[in-house]
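FYI, it's all coordinate maths here, none of it is from the lab. Treat the numbers as computed from the prediction; the structure is a model and nothing was measured. With ideal geometry, Cβ positions are generated from the backbone for all residues, glycine too; neighbour counts draw on all protein chains shown.
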Amino acid sequence: MPVPDTTRVHGGIGLLLDWIDALRSADLDRIRTLLDPRVTWHGLTDELACGGREEVIGAIEGQLPMCMGAEALELVVAPDHLILGTRNRSLPDPPGVSLGGQIYNVYELGDGRIREIRDFAARRDALRAAGVDGEDEWR
């Protein structure tokens, strides 16, 4: 009996793991299928923003394959949202923003695809943006 591929579940941790794997393996076709055609990406500053699947892919294409180089990852599932927190002391700070070695990406989902990506320097802001403000149960 074949084992179901649980990483291909629409939404949830599986979608986030697919995203990370596609970035690590530089699989542009897979990245394309994970993104809604009208996806928007709001970076930490207004200058770091793009709209539409091809523009988002163009923004990350030169960084592929993406080396995670992370010391820690945090994956959080929220209603219609996913959060990826990354700790990496070598993360560069964008102009005017101090990351302190951590960044949080909030993914808004629609129809099993990433509809919007928003970057945050602070965990509490990412949780609030995903609608889980005050519901963090980690100790």
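Phi angles of the stretch 23-28 translate, via the Karplus equation with coefficients 6.51, -1.76, 1.60 and θ = phi - 60°, into HN-Hα couplings of 5, 5, 9, 6, 8, 4 Hz per residue; Gly and Pro are given as x.
Karplus-derived 3J(HN,Hα) values for the stretch 82-87, using 6.51 cos²θ - 1.76 cosθ + 1.60 with θ = phi - 60°, are 10, 10, 10, x, 10, 10 Hz; glycine and proline are entered as x.
Can you give the FRET efficiency for residue 30 and residue 72, using 1/(1 + (r/R0)^6), R0 = 22 Å, r = Cβ-Cβ distance, to the nearest 0.05? Before the final figure, lay out the partial values.
Values: r = 25 Å, r/R0 = 1.12.
Approximately 0.35, to the nearest 0.05.
Each of residue 87 and residue 47 was given a label point 7 Å from its Cα along the Cα-to-Cβ line. The distance between the two points is 3.0 nm. Dividing the helix sum by the residues of the chain, where each DSSP H run of 4 or more adds -39500 (n - 2.57), gives a mean residue ellipticity at 222 nm of -7500 deg cm²/dmol. Amide H contacts of residue 116: 40, 108, each under 5 Å away and 5 or more positions distant or on a separate chain (H built 1.01 Å from N in the peptide plane; Pro and chain starts excluded).
Which whole-number percent gives the relative contact order of the chain, counting Cα pairs below 8 Å spaced six or more residues apart? This gives 22 percent for the chain.
Count Lys and Arg as plus one, Asp and Glu as minus one, and take only other residues whose Cβ is under 13 Å from that of residue 37; the net charge is then 0.
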